[in-house]
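To keep things clear, I will list the structure first and then write my remarks on it.
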């Protein structure tokens, strides 16, 4: 649960609805109806764990975010845009926001956004990898957040990786022979299999990592502050863990790996300067297809990279 959220929204009815959503996932929600009030709360000590700010014509959450960054605050900011906003990602990135969400807002989407953002914020503040540990069953439910939001969130995270020069990795995991072994199962059994797979994947990564299902039999896993060597270790561990699936014994999985490792020295040109989330997803997908073409039950990294692993 997040310690505290500052909700910057001028409309009392909207703020009330959003507060009811957020009360489920936070210990404390403070509301602010003006820019001055929001700045005062956001710059207080200790600052809130997260700022959720409206970015509509009625209230300029972008100005709030820009003011916070100008005053040296790194409090994470989630901007909420109206449904007709077509350039939310670019606008949010330009003012230093950590993530954005485009309406219409639904309770599940907002809570999923807040939980995912809290994971990435924790990752930024904890660069040293933590040992993997099993998560309680409730954590599995929070991981099945909307994949479209994950893409939006990671678009900004990739930019932060390039700016602050820390490595990130993306894994795409897919059950082998999905169409013949899993898709043909009755719906209830198929749902149980995919739910158990998601639980195994979550148990095999750190609390700061993000794992979501985004297609039948396919899962995306984002690993902040993770270089190539670490990503391959995690991928191999997940490949092996899928074999312990109890709801469908004998099933295996293949894993595609994509990594961005910006240069740590400012004098040297950053490796992967033009990297994007879409590019990483494509690289991981292509690596996954190579693993499947080689017989499955494999881990593959992008072509030309070292460290591809074969099932033992």
- For residue 24, state whether it is closer than 18 Å to residue 115 by Cα and surrounded by fewer than 17 Cβ atoms within 10 Å (Cβ to Cβ). yes
Restricted to the stretch 296-305 and to residues being on the phi > 0 side of the Ramachandran plot and at pLDDT 90 or above, the residue surrounded by the fewest Cβ atoms within 10 Å (Cβ to Cβ) is 296
Checked 212, 205, 197 against criteria (part of a loop (DSSP other than H, G, I, E, B) and in contact with a strand residue (DSSP E or B) (Cβ under 9 Å, 6 or more places away or on another chain)); the one match is 205
Note to self: Any residue that is touching a residue at least 24 places away in the same chain (Cβ under 8 Å), part of a strand (DSSP E or B) and out of contact with any helix residue (DSSP H, G or I) (no Cβ under 8 Å at 6 or more places or on another chain) - is there at least one of those in the stretch 46-57?
What the structure shows: yes
Exception for residue 33 within (1) buried (at least 17 other Cβ atoms within 10 Å of the Cβ); (2) over 20 Å from residue 112 (Cα atoms); (3) at pLDDT below 90 falls at (1)
A careful count of residues in the stretch 260-295 that are assigned to a loop (DSSP other than H, G, I, E, B), crowded, with 17+ Cβ neighbours inside 10 Å and at pLDDT 50 or above gives 3
Within the stretch 1-45, residues being free of Cβ contacts under 8 Å to residues at least 40 places away in the same chain and part of a loop (DSSP other than H, G, I, E, B) number 9
Within the stretch 165-185, restricting to residues that are over 25 Å from residue 197 (Cβ atoms) and crowded, with 18+ Cβ neighbours inside 10 Å, the one that is modelled with the lowest pLDDT is 166
Checked the stretch 186-203 for anything buried (at least 22 other Cβ atoms within 10 Å of the Cβ) and under 16 Å from the mean Cα position of the chain (by Cα); matches are 201, 202
Residues that are more than 27 Å from residue 212 (Cβ to Cβ), in contact with a strand residue (DSSP E or B) (Cβ under 6 Å, 6 or more places away or on another chain) and either outside the structural domain of residue 154 (by TED's automatic domain parsing) or surrounded by 14 or more Cβ atoms within 10 Å (Cβ to Cβ) (or both): does the stretch 52-63 have at least one?
yes
Looking across the stretch 2-15 at residues that are surrounded by fewer than 18 Cβ atoms within 10 Å (Cβ to Cβ) and under 27 Å from the mean Cα position of the chain (by Cα), the single one that is farthest from residue 111 (Cα to Cα) is 14
Wholly inside the stretch 78-164, helices (runs of 4 or more DSSP H) that include 2 or more residues that are at pLDDT 60 or above, closer than 24 Å to residue 280 by Cα and touching a strand residue (DSSP E or B) at 6+ places or on another chain (Cβ under 7 Å) are 88-94, 107-125, 147-164
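The values are calculated or read from the model by the stated rules, or taken from the named source; none is laboratory data. Everything numeric in this text was worked out from a predicted model, so none of it was measured. Methodologically, a virtual Cβ is constructed for each residue, glycine included, from the backbone with ideal geometry; neighbour enumeration extends over all protein chains shown.
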